[in-house]
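To start, the structure itself, in structure tokens.
Since every read-out is calculated from the coordinates, none of them should be taken as a lab result. Just so we're clear, the structure is a prediction, and the values are computed from it rather than from any experiment. Backbone-built Cβ (ideal geometry, glycine too); neighbour counts: all protein chains shown.
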Amino acid sequence: MNQHKRQLAAAALAVPLLAAGAAFAETMTISPNGSRPDVTPNPEYFTGTVILDSLFDAIPPSRSSGAQVTFMPGARSNWHTHPAGQTLIVVSGTGWVQEWGGPRREIRPGDVIWTPPGVKHWHGAAEHNGMRHLAVQDVVDGKNVNWLEKVTDAQYHGQSPARPDTDAAARPQLRYRERPDCLWPSRAGALSPGARDG
């Protein structure tokens, strides 16, 4: 009889656990290529011709959203920041990326760029070559980007904007170390020998 009570007790505990597992069970969703519309982004936030293909929105519990962005030659984003940072993966062409106060850097297919939260930066195509990248960023309080001013032609052509007189050590910065055809943030925070200067 003791054994029978233990089995009933175990079964009674197992049923709610199985039901809870079923409540969280979801089916896989496939969004076929071509089923998501291309979007011409707001021209207030870009210079030149840019095509935005939204790949996925943040679906709870995930906070990540992603897009494929195509920049025609000479096109670029405004200066902007991301509340939770951003990862770019260059898939074709040649482009440039720049952090406020830093050098403009060349990016090519296979390069991966991590921009920490709050770092002011821009990215876009090189002057005579288009560029396409994937962009993945988290949504915080309904936003994944904070748009700022346009990148001037002088900045686009390589002039580095001056950093404001603030404590640079207290602010996160974009840093890279060389990896095979890849830009990745340096944990030490310093540029390694041979890093690209763009």
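Packing around the peptides 89-99, 133-143, taken as the average count of other Cβ atoms within 10 Å per residue, puts them in this order, highest first: 89-99, 133-143. Modelled spin labels at SER64 and SER35, positioned 7 Å past Cα toward Cβ, are 2.0 nm from each other. When you count the other C-beta atoms within 10 angstrom of each residue and take the mean per peptide, 35-45, 73-83 line up highest first as 73-83, 35-45. Packing, taken as the mean count of other beta carbons within 10 Å per residue, orders the peptides 145-157, 110-122 from highest to lowest as 110-122, 145-157.
Under 20 °C and 1.002 mPa s, how fast does region 38-184 diffuse according to Stokes-Einstein, given a Kirkwood radius computed over C-alpha pairs? Answer in µm²/s, whole number. Numbers along the way, then the final one.
Values: Rh = 15.4 Å.
Answer, rounded: 139 µm²/s.
Rounded to the nearest whole Hz, the Karplus-based 3J(HN,Hα) values (6.51 cos²θ - 1.76 cosθ + 1.60, θ = phi - 60°) of region 84-96 follow the sequence 10, x, 8, 10, 10, 10, 6, 10, 7, x, 10, x, 10, with x at glycine and proline.
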